[in-house]
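Take a look at the structure below.
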Amino acid sequence: MDPALLVDVRTHVALAGTALATATAIAVPLGIAAAYAGIGRGAILAVAAAGRTLPSLAVLAFMLPLLGVGFWPAVVALTLLAIPPIVINTDVGLRGVDPAALDAARGMGMTAAQAFARVSWPLALPAVATGVRTAAIEVVASATLATFVGAGGLGDDIVRGLQTGDASALYGGALAVAILAFAVESLGGAIVKRIGAHA
């Protein structure tokens, strides 16, 4: 493999991985809050739904005057793109827990915290994992646009290939992104399936 392409693959994975981890840490508590927020749920989900409609390039462009260029501004933008599906799936998973299971937990004398940890969260986890999987695929694809804010990654190869007519850079970058997205999809699917089998 071309050493330069390998460096860009590592940068791309670092961008996507950092953004996904940050988004998960933010979005899961927001999703839990939405599931139990009552009147505040609509506002949280409305913001999350609006976030899903924003074009990736528009978010990156919005971050440019605020944070400048480089790795971390791109991570912030990618994090914002990854949060909505995780928030929505966490809310859906928790609200979809069978009330009979919660009634049984209360009948066994569990506190609300115990019922959440032992019943609600395990049952909701497959939906949460599906949200993380969706976010991961979106982030891997969107990270190619990070090249426009000077963050590097495989977008550098694709843009360079387009600008200079370098077919090896263009197709090498595009193929690497496709392979990463397929790997994330496959690994995510296996994890979701495994979690679902134990839920």
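The values are calculated or read from the model by the stated rules, or taken from the named source; none is laboratory data. Owing to the predicted nature of the structure, the values given are computational and were not obtained by experimental measurement. In this analysis, Cβ positions are derived from the backbone assuming ideal geometry, glycine residues included, and neighbour counts consider all displayed protein chains.
Checking the stretch 159-175 against the condition returns a match, with at least one residue being under 20 Å from Ala77 (Cα atoms), hydrophobic (A, V, I, L, M, F, W, C), crowded, with 17+ Cβ neighbours inside 10 Å and more than 16 Å from the chain's Cα centre (by Cα).
For (1) at pLDDT 80 or above; (2) β-branched (Val, Ile, Thr); (3) at negative phi; (4) part of a helix (DSSP H, G or I), each residue gets a yes or a no:
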| residue | (1), (2), (3), (4) |
| --- | --- |
| Thr24 | yes, yes, yes, yes |
| Pro29 | yes, no, yes, yes |
| Arg52 | no, no, yes, yes |
| Leu66 | yes, no, yes, yes |
| Val69 | yes, yes, yes, no |
| Leu80 | yes, no, yes, yes |
| Pro84 | yes, no, yes, yes |
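Each row is one residue, and each column tells you yes or no for (1) modelled with pLDDT under 90; (2) more than 14 Å from Leu78 (Cβ to Cβ); (3) of a type outside the set (S, T, N, Q); (4) not in a helix (DSSP H, G or I).
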residue	(1), (2), (3), (4)
Leu6	no, yes, yes, no
Arg10	no, yes, yes, no
Ala21	no, no, yes, no
Val47	yes, yes, yes, no
Met63	yes, no, yes, no
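In the set (1) touching a Pro at 6+ places or on another chain (Cβ under 9 Å); (2) assigned to a loop (DSSP other than H, G, I, E, B), Val97 fails one condition alone, (1). For the stretch 147-199, a residue qualifies if it is under 25 Å from Leu64 (Cα atoms), modelled with pLDDT of 90 or more and either touching a Pro at 6+ places or on another chain (Cβ under 9 Å) or of a type in the set (Asp, Glu) (or both), and the qualifying residues are Ala151, Asp156, Asp157. Going by the conditions given, is Asp91 free of Cβ contacts under 8 Å to residues at least 40 places away in the same chain, acidic (Asp, Glu) and not in a loop (DSSP other than H, G, I, E, B)? Criteria not met by Asp91. Restricting the stretch 125-158 to residues that are touching a residue at least 60 places away in the same chain (Cβ under 8 Å) and more than 19 Å from Leu20 (Cα to Cα), the residue that is surrounded by the most Cβ atoms within 10 Å (Cβ to Cβ) is Asp157. Pairing residues of the stretch 13-26 that are without any contact (Cβ under 8 Å) to a residue 24 or more places away in the chain with residues that are assigned to a helix (DSSP H, G or I) and not small (Gly, Ala, Ser), at Cβ distances under 7 Å and at least 6 apart in sequence or on separate chains, gives no pairs at all.
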